[in-house]
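The structure appears below as structure tokens.
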Protein chains: 2
Amino acid sequence: MFKFLLTFLPLLSGSALAASSGETAGLLLGLFWVVLAATLCGALASRLGMPAVVGQVLAGLLIGPGALGLVQADDFLLSLAELGAVFLLFMVGLETRFRDLLAVGKEAVLVALLGIILPLGLGLGFGLWQNLGTVSALFVGTALVATSVGITAKVLQELGVMDARFAQVILGAAVIDDILGLTLLAVVSGLGTGQSMGAAQVGLILGLSLGFVALVLTVGLPLIRRFESRLRSLSVSRMFNVAVVTGLGVAALSTVAGLAPIIGAFLAGMVLAEVKDELEFESKVQALEAFLAPIFFVVVGLQVDLSVLTSAAVVLAGGALTLLAVAGKVLGGLLGARSLGQEALLVGTGMVPRGEVGLIVASLGLAAGIIEGPVYAQVLLMVLLTTVLAPLALRVLVRRTAVGSVS
Amino acid sequence: MFKFLLTFLPLLSGSALAASSGETAGLLLGLFWVVLAATLCGALASRLGMPAVVGQVLAGLLIGPGALGLVQADDFLLSLAELGAVFLLFMVGLETRFRDLLAVGKEAVLVALLGIILPLGLGLGFGLWQNLGTVSALFVGTALVATSVGITAKVLQELGVMDARFAQVILGAAVIDDILGLTLLAVVSGLGTGQSMGAAQVGLILGLSLGFVALVLTVGLPLIRRFESRLRSLSVSRMFNVAVVTGLGVAALSTVAGLAPIIGAFLAGMVLAEVKDELEFESKVQALEAFLAPIFFVVVGLQVDLSVLTSAAVVLAGGALTLLAVAGKVLGGLLGARSLGQEALLVGTGMVPRGEVGLIVASLGLAAGIIEGPVYAQVLLMVLLTTVLAPLALRVLVRRTAVGSVS
């Protein structure tokens with residue numbers, strides 16, 4: 001212990017400590033840097049009139065291996081970030097009424113479908129133009145399909161426009177996007193590793209995902225109303241427990257159904273939203289989310305290793321890919337949500353951030369050998385730019401647009 | 001993904017999923033079981049008139065590898081549990097006034113010293129009587145020295161007697177216990193691995209720990225008063241951020257100084273307690289603690305593998321060791337806190353639970369080859385019995401005793 005102290009006392013880096021015997025020290029120090037950076041950069045961004053999320057993602061870049069090197073995204077931080085995303089979407093679900101979502105159902109489906117087809121086509125074309133193989137080009141398209149609802153949802157929360165019509169369209173479209181996007185990823189990854197899927201298999205994956213969403217809503221909504229009076233007899237802290245257990249449980253189950261856990265968390269939140277006005281557990285969930293969600297945003301930044309942007313060619317191609325990524329989603333929003341008038345542009349912009357979903361897709365492709373270093377770097381740049389710039393644009397656009405509410 | 005679904009759909013076990021490719025699913029499902037078990041068993045314990053902590057530790061035993069096998073204590077749960085202990089002690093610190101602690105300083109020092117010397121001597125004697133070598137016997141003594149302040153603090157919180165004089169003595173003694181106990185552990189572990197420490201080295205470890213505590217208090221307390229008005233101008237959510245960053249930072253730093261992170265968290269909480277009446281962030285910290293602390297208690301239970309209790313001889317010897325473990329701390333409390341009259345028994349009882357500290361010491365000794373299987377099993381039984389029975393006894397005793405407050 002003595003030697004350990006002498007060696008590491010001056011070296012207050014979370015990663016260095018974690019690698020040594022001081023496991024706990026490293027974990028806590030890493031978490032400390034993350035929370036500190038999130039607080040400072042989030043506050044700075046707010047002061048500069050930017051969404052706090054942008055500051056937090058950039059905070060991750062700043063303290064990460066590419067810059068200050070104080071922290072790296074170890075297993076604990078990645079898991080905690082995942083939990084942060086789960087609680088973020090759980091909270092978003094708590095602020096969403098199912099009937100408001102249903103009211104914009106048609107638009108959400110259209111936006112989701114167009115927001116998949118257009119980016120997929122654009123990415124595929126871009127990949128073929130770059131002389132990639134068909135499967136690799138398809139994979140680039142798949143990376144363009146990803147949408148990070150967490151980033152957008154947080155910006156909408158901050159702006160206080162969560163119950164606006166366009167916000168509901170974004171949420172609904174994001175859920176559908178996730179279902180179709182994960183199915184697409186399974187198919188394309190399968191192609192990449194030489195296992196092509198039959199239509200029956202694809203149908204089963206899709207059916208399982210859709211069935212799960214339907215099940216949670218058709219069983220959950222009547223059930224929660226039925227038990228409302230019983231829930232009301234619980235103390236606030238016990239109701240908080242019930243809420244957290246429900247959120248975690250449905251999130252975990254949704255991964256079993258092939259969905260992202262955030263979708264399950266969102267659905268669980270939406271079910272509980274039916275009774276939350278009568279029950280006062282929301283502020284406690286909000287405190288949890290306030291601690292965990294910034295960790296999620298910082299870790300998104302931590303995972304972007306800018307050192308892969310080695311050449312001007314990569315940066316140029318990545319920039320072009322970014323334009324296509326923006327065009328695909330914005331067009332999808334404009335066309336799909338035409339009925340919303342000028343709010344359609346908000347929908348399109350809200351679908352732009354690729355965030356952690358884009359990172360996951362890119363890393364999967366790299367690990368499976370479907371895409372290679374330079375293409376990975378282009379996708380990374382696209383993820384970073386869409387994640388940072390879209391919230392800025394969305395904020396400006398929301399401020400300029402007269403926004404209508406659903407109900 | 002398809003094959004994965006078919007294989008694991010019926011097998012909703014966190015550990016099975018974590019071992020497979022569904023990392024996230026496994027993590028969330030494991031956490032779901034932990035939080036569910038904590039909620040149900042905690043509520044059941046409360047209904048039976050027992051402290052919720054006891055239900056939560058037993059919940060860990062129930063869902064752990066020894067019984068239902070739904071979850072195992074993986075790295076994520078262990079880290080989250082550590083974080084739970086940190087927030088628990090941070091919250092305890094927030095409920096503690098430094099001047100109240102100082103008011104019982106003499107008693108706390110006496111209780112801590114006697115609570116180390118007596119169990120160490122009893123454990124050493126027990127080990128020698130069992131024909132262990134001197135170093136192994138010393139190590140058994142060291143395992144008896146450990147005190148888990150988290151378990152007791154939670155029981156005191158639940159009973160609403162945190163500001164009673166005896167509670168303050170326990171908290172003060174626990175801090176001193178941790179400083180001396182960790183130094184002792186370093187010395188004895190060093191002996192076990194053949195590196196004996198000089199007096200200068202021991203002095204440096206002790207000095208560093210004590211110096212850190214003194215530094216945090218002498219710098220922190222004036223500093224917080226000085227910035228009080230500035231802190232008051234922050235929004236509640238920003239003040240929450242400042243509090244969390246402070247707690248995590250001091251906790252991480254305290255590990256660098258050779259202390260347990262919970263001690264740093266406690267000190268940070270106590271510093272912030274000076275201004276908390278003016279600032280309304282406490283309920284948010286409390287929500288975080290309400291989520292994380294039960295995870296800590298369940299994980300303590302998860303780590304107790306009852307299957308090591310293979311023979312009647314082990315159970316018998318473990319039972320005897322438990323009696324010595326109780327006797328050492330109760331005597332230490334009775335003698336050290338004599339001035340508190342009948343509350344001295346409460347102090348002694350409050351020092352009894354060995355909890356996670358006992359587990360850590362035992363595992364360290366086993367890993368370093370200082371103690372062997374059967375002795376490890378005896379220590380494990382001692383840890384379990386003191387952790388579960390002391391809260392029950394404390395609750396009964398507190399209810400029967402007219403408890404005096406410090407201020």
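Can you work out ³J(HN,Hα) from phi for every residue in the stretch B:34-44, in order, using Karplus 6.51 cos²θ - 1.76 cosθ + 1.60 and θ = phi - 60°, giving whole Hz and x for Gly and Pro?
Coupling constants for the stretch B:34-44: 4, 5, 4, 4, 4, 5, 5, 5, x, 5, 4 Hz.
Which whole number gives the average, over all residues in B:77-87, of C-beta atoms from other chains lying within 10 Å of the residue C-beta?
Working: counts 1, 4, 11, 5, 0, 5, 6, 0, 1, 3, 1.
Across the residues of B:77-87, the mean count of other-chain Cβ atoms within 10 Å is 3.
Count charges around B:PRO51 for me, please; just the other residues with Cβ under 9 Å from its Cβ, Lys/Arg as +1, Asp/Glu as -1. Walk me through the numbers on the way to the answer.
Numbers: positive: B:LYS154, B:ARG395; negative: B:GLU158.
Here the charged neighbours net out to +1.
Placing the label point 7 Å from Cα along the Cα-to-Cβ direction, what are the distances from B:GLY133 to the equivalent spots in the other copies, shortest first, in nm to one decimal?
Values, ascending and in nm: 6.0.
Report, ordered by chain and residue number, the lysines lying within cross-link reach of A:LYS276, taken as a straight Cα distance under 24 Å and ignoring same-chain residues fewer than 8 apart.
Partners within reach: A:LYS154, A:LYS284, B:LYS284.
Closest approach to the B-A rotation axis by any Cβ of B: residue and distance in angstrom?
B:ALA287, 2
Would you mind giving the total buried accessible surface between chains B and A, with a 1.4 Å probe and ligands, DNA and RNA left out, rounded to the nearest 100 Å²? Write down the numbers at each step before the final one.
Numbers: alone 17320 and 17310 Å², together 30080 Å².
Accessible area lost upon association: around 4500 Å².
Report the local net charge at B:ALA173: Lys and Arg +1, Asp and Glu -1, summed over other residues whose C-beta lies under 15 Å from its C-beta.
Values: positive: B:LYS106, B:ARG165, B:LYS329, B:ARG338, B:ARG354; negative: B:ASP100, B:GLU107, B:ASP177, B:ASP178, B:GLU343.
Around B:ALA173, the surrounding residues sum to 0.
May I ask for the distance between the Cα centers of the stretch A:282-300 and the stretch B:288-363, given as a whole number of Å?
First find each Cα centre; the distance between them is then 34 Å.
Which whole number gives the average, over all residues in B:284-291, of C-beta atoms from other chains lying within 10 Å of the residue C-beta? Mind dumping the intermediate values first?
Numbers: counts 7, 2, 3, 12, 6, 1, 7, 10.
Mean inter-chain Cβ contacts per residue within 10 Å come to 6.
For B:GLN72, what residues show an amide H to amide H distance below 5 Å, using hydrogens built from the backbone and excluding near sequence neighbours?
B:SER15
Name the residue farthest towards the positive end of the dipole of chain A from the options A:VAL271, A:GLY365, A:LEU185, assuming +1 on Cβ of Lys and Arg, -1 on Cβ of Asp and Glu, about the Cα centre.
A:VAL271
Quick one: what are the phi-derived ³J(HN,Hα) couplings along the stretch B:192-200, Karplus 6.51/-1.76/1.60 with θ = phi - 60°, whole Hz, x for glycine and proline?
My calculation for the stretch B:192-200 gives x, 9, x, 9, 7, 9, x, 4, 5 Hz in order.
Which Cα, out of A:LEU223, A:SER235, A:VAL285, lies furthest along the positive dipole direction of the stretch A:82-398 (beta carbon charges, K/R +1, D/E -1)?
Ranked along the dipole, the leading option is A:LEU223.
From the Cα gyration tensor of the protein assembly as shown, with a ≥ b ≥ c the square roots of its eigenvalues, which class applies: rounded if a/c is under 1.5, or else prolate if a/b is larger than b/c, or else oblate? Please report the intermediate quantities before stating the final value.
Working: a/c = 1.88, a/b = 1.81, b/c = 1.04.
Note, shape of the protein assembly as shown comes out prolate.
Could you compute the FRET efficiency for A:LEU128 and B:ALA199, with r as their C-beta to C-beta distance and R0 at 51 Å, rounded to 0.05? Don't skip to the end; give the middle numbers.
On the way: r = 74 Å, r/R0 = 1.46.
Step by step, r from the Cβ atoms, then E = 0.10.
Compute, for the protein assembly as shown, the length of the dipole vector about the Cα centre, with Cβ point charges of +1 (Lys, Arg) and -1 (Asp, Glu) only. Units Debye, rounded to 20.
Numbers: 40 positive and 44 negative charges, 203 e Å.
For the protein assembly as shown, the charge dipole is close to 980 debye.
Would you compute, from DSSP H runs of 4+ residues alone, the mean residue ellipticity of chain A at 222 nm, taking -39500 (n - 2.57) per run and dividing by the full residue count, rounded to the nearest 500? Each step should come with its number before you reach the end.
Numbers: 19 runs with 314 residues, N = 407.
Using -39500 (n - 2.57) per qualifying helix, the result is -25500 deg cm²/dmol.
What does the copy distance list look like for A:LEU215, label position 7 Å along Cα→Cβ, in nm and ordered from shortest?
Between copies, matching label points for A:LEU215 lie 5.5 nm apart.
Within 10 Å of each Cβ in peptide B:252-261, how many partner chain Cβ atoms are there on average? Round it to a whole number, please. Write down the numbers at each step before the final one.
Details: counts 14, 5, 2, 11, 12, 3, 6, 0, 1, 5.
Mean inter-chain Cβ contacts per residue within 10 Å come to 6.
If the only charges are +1 at each Lys and Arg Cβ and -1 at each Asp and Glu Cβ, what is the size of the charge dipole of the stretch A:82-398 around the Cα centre, to the nearest 20 debye?
Numbers: 16 positive and 19 negative charges, 81 e Å.
Magnitude of the dipole: close to 380 debye.
What full-extension length gain, to one decimal in nm, is calculated for A:LEU191 and A:ARG225 as 0.36 nm per residue of separation minus the Cα-Cα distance? Intermediate values should be presented prior to the final figure.
Details: separation 34, 0.36 × 34 = 12.24 nm, distance 4.48 nm.
The span from A:LEU191 to A:ARG225 would gain 7.8 nm if fully extended.
Per the Kirkwood treatment, what hydrodynamic radius in Å, one decimal, follows for the stretch B:82-398 from the mean inverse distance over all distinct Cα pairs?
Values: mean 1/r = 0.0506 Å⁻¹.
After inverting the pairwise mean of 1/r, the radius is 19.8 Å.
Hey, what do the phi angles of the stretch B:227-233 turn into as Karplus ³J(HN,Hα) couplings, whole Hz, using 6.51/-1.76/1.60 and θ = phi - 60°, x for Gly and Pro?
Rounded to whole hertz, the list is 8, 3, 5, 5, 4, 5, 7.
With a cut-off of 8 Å between alpha carbons and a minimum separation of six or more residues, what is the relative contact order of the stretch B:82-398 in percent? Walk me through the numbers before you get to the answer.
On the way: 504 pairs, mean separation 99.0, N = 317.
In percent, rounded to a whole number, it is 31.
Compute the FRET efficiency between B:ARG400 and B:LYS106 as 1/(1 + (r/R0)^6), taking r as their Cβ-Cβ distance and R0 = 30 Å, and round to the nearest 0.05.
On the way: r = 26 Å, r/R0 = 0.87.
Plugging the Cβ-Cβ distance into 1/(1 + (r/R0)^6) gives 0.70.
Put a point 7 Å out from Cα along the line to Cβ at A:ALA368; what are the distances to that point in the other copies, in nm, shortest first?
Spelled out, the distances from A:ALA368's label point are 4.8 nm.
Would you mind pulling out the separation of the Cα centroids of the stretch A:41-68 and the stretch A:218-243, in Å?
Here the two parts' Cα centres lie 38 Å apart.
Under 5 Å between amide hydrogens, which residues at least 5 positions from A:SER148 or on another chain qualify, with H placed 1.01 Å from N in the peptide plane?
A:ARG354, A:GLY355
From the residues B:MET162, A:ALA146, A:THR310, which one has its Cα farthest along the dipole of the protein assembly as shown in the positive direction, the dipole being from +1 and -1 charges on Cβ of Lys/Arg and Asp/Glu about the Cα centre?
Positive-end residue among those listed: B:MET162.
Which value, in Å³ per residue, describes the convex hull spanned by the Cα atoms of the stretch B:98-236?
Working: hull volume 20.9 nm³, N = 139.
Per residue, the Cα convex hull of the stretch B:98-236 comes to 150 Å³.
Answer rounded, prolate or oblate for the stretch A:58-103, using the Cα gyration tensor with square roots of eigenvalues a ≥ b ≥ c: rounded when a/c is under 1.5, else prolate when a/b is larger than b/c, else oblate.
Numbers: a/c = 5.47, a/b = 2.81, b/c = 1.94.
Here the stretch A:58-103 falls in the prolate category.
The values are calculated or read from the model by the stated rules, or taken from the named source; none is laboratory data. What you are looking at is a predicted structure, and each value in this text was computed from that prediction instead of being measured. Cβ atoms come from the backbone with ideal geometry, glycine included; neighbour counts cover every protein chain shown. To get the accessible areas, we keep the full protein, side chains included, count just its heavy atoms, and leave off ligands, DNA and RNA. Shrake-Rupley method; radii C 1.70, N 1.55, O 1.52, S 1.80 Å.
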